[in-house]
């Protein structure tokens with residue numbers, strides 16, 4: 001019997017739709033949209049396990065600033081790709097793809113449902129279209145390019161990219177530091193232009209049926225929620241967390257040290273820590289968080305697999321039932 005929105009799927013009842021491809025639920029959205037709570041609610045309702053697509057939640061100790069789910073929540077619902085690395089270890093999108101693929105196999109072996117939750121415009125597309133093309137990263141080359149990015153700035157490296165591969169340079173901006181560095185790394189290692197590689201979306205035959213959703217609040221409401229979220233992180237001890245992580249190699253990790261909240265907190269710790277310094281830290285933290293949310297909207301507008309749900313137009317139960325009905329019936 002089909003379940004309608006008026007007859008919700010009973011709590012913890014597992015639904016395995018018929019078809020050749022196994023289904024995976026993907027919940028994306030900007031910072032502060034409520035992805036975590038929705039993924040937990042879905043997992044409880046359908047017998048799911050949550051896979052984090054947050055590039056910083058892989059690191060042990062980066063808890064407050066990444067809004068990591070609590071140990072109690074993880075005891076109730078199995079989570080994957082959280083706390084799997086120490087700060088000195090580098091973790092990239094290719095490693096995420098292969099780790100996620102292994103987690104999918106484990107989850108399906110238990111006859112549970114993978115629920116991907118996150119807002120990364122780099123990590124989630126790798127699940128949908130396959131790992132990034134080109135040679136794997138080499139730490140020595142990446143470190144050299146990261147140093148050049150810090151010393152010379154993105155404008156200089158972007159100009160270099162424009163000279164070496166103008167076709168690829170046109171697809172990104174001079175502010176896409178990660179993509180600029182990765183493009184220069186690929187060309188250094190392969191002696192080929194990035195634009196010469198086939199696009200992942202053109203070559204992949206997806207193994208799974210991804211049911212993709214982007215949940216969001218209208219921007220004015222979202223920005224207000226983001227600022228409250230930043231205040232809450234500071235109250236929960238973000239600065240103390242960064243101070244502790246600084247003794248464990250935070251600055252040596254080029255990705256973690258640039259993460260929103262952590263970058264601004266490190267700058268504050270390097271200051272005289274006056275009242276004015278604190279005010280600047282809070283202002284910069286909130287500004288960076290708002291800008292990141294804006295980029296998340298931009299990333300996912302380009303993704304045709306995602307259906308958008310305005311959280312203001314649906315209460316949490318309605319959101320859950322829409323997603324579960326789609327999972328079962330496959331509209």
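Details
- Ascending count of other beta-carbon atoms within 10 Å, so fewest first, for 275, 280, 177: 275, 280, 177
- C-alpha long axis of helix 177-190 to longest principal axis of the chain, angle in °: 80 degrees
- Relative to the longest principal axis of the Cα atoms of the chain, the long axis of helix 93-109 makes an angle of roughly 20 degrees.
- Exposure proxy ranking for 230, 85, based on other Cβ atoms within 10 angstrom of each Cβ and starting from the fewest, stands as 85, 230.
- Rounded to the nearest 10 degrees, the angle from helix 219-235 to the longest Cα principal axis of the chain is 70 degrees.
- Dividing the summed -39500 (n - 2.57) terms of all DSSP H runs of n ≥ 4 by the residue count of the chain sets its mean residue ellipticity at 222 nm at -15500 deg cm²/dmol.
- Contact order for the chain, expressed relative to its length and based on alpha carbon pairs under 8 Å spaced 6+ residues apart, stands at 27 percent.
- Global form of region 204-256, assessed from the alpha-carbon gyration tensor, a/c cut-off 1.5: oblate
- Rounded if a/c under 1.5, otherwise prolate or oblate - region 117-273, Cα gyration tensor axes: oblate
- When Rg and the Kirkwood radius Rh are both evaluated on Cα atoms of region 139-197, their ratio Rg/Rh stands at 0.93.
- Rel. contact order, % - alpha carbon contacts under 8 angstrom, at least six apart, region 139-197: 36 percent
- Per-residue Cβ neighbour rank within 10 angstrom, fewest leading, 234, 226, 25: 234, 226, 25
We did not get these values from a lab; they are worked out from the coordinates using the rules stated. Quick caveat: nothing in here was measured; it's all calculated off a predicted structure. All Cβ positions, even for glycine, are placed from backbone atoms using ideal geometry, and neighbour counts span all protein chains on display.
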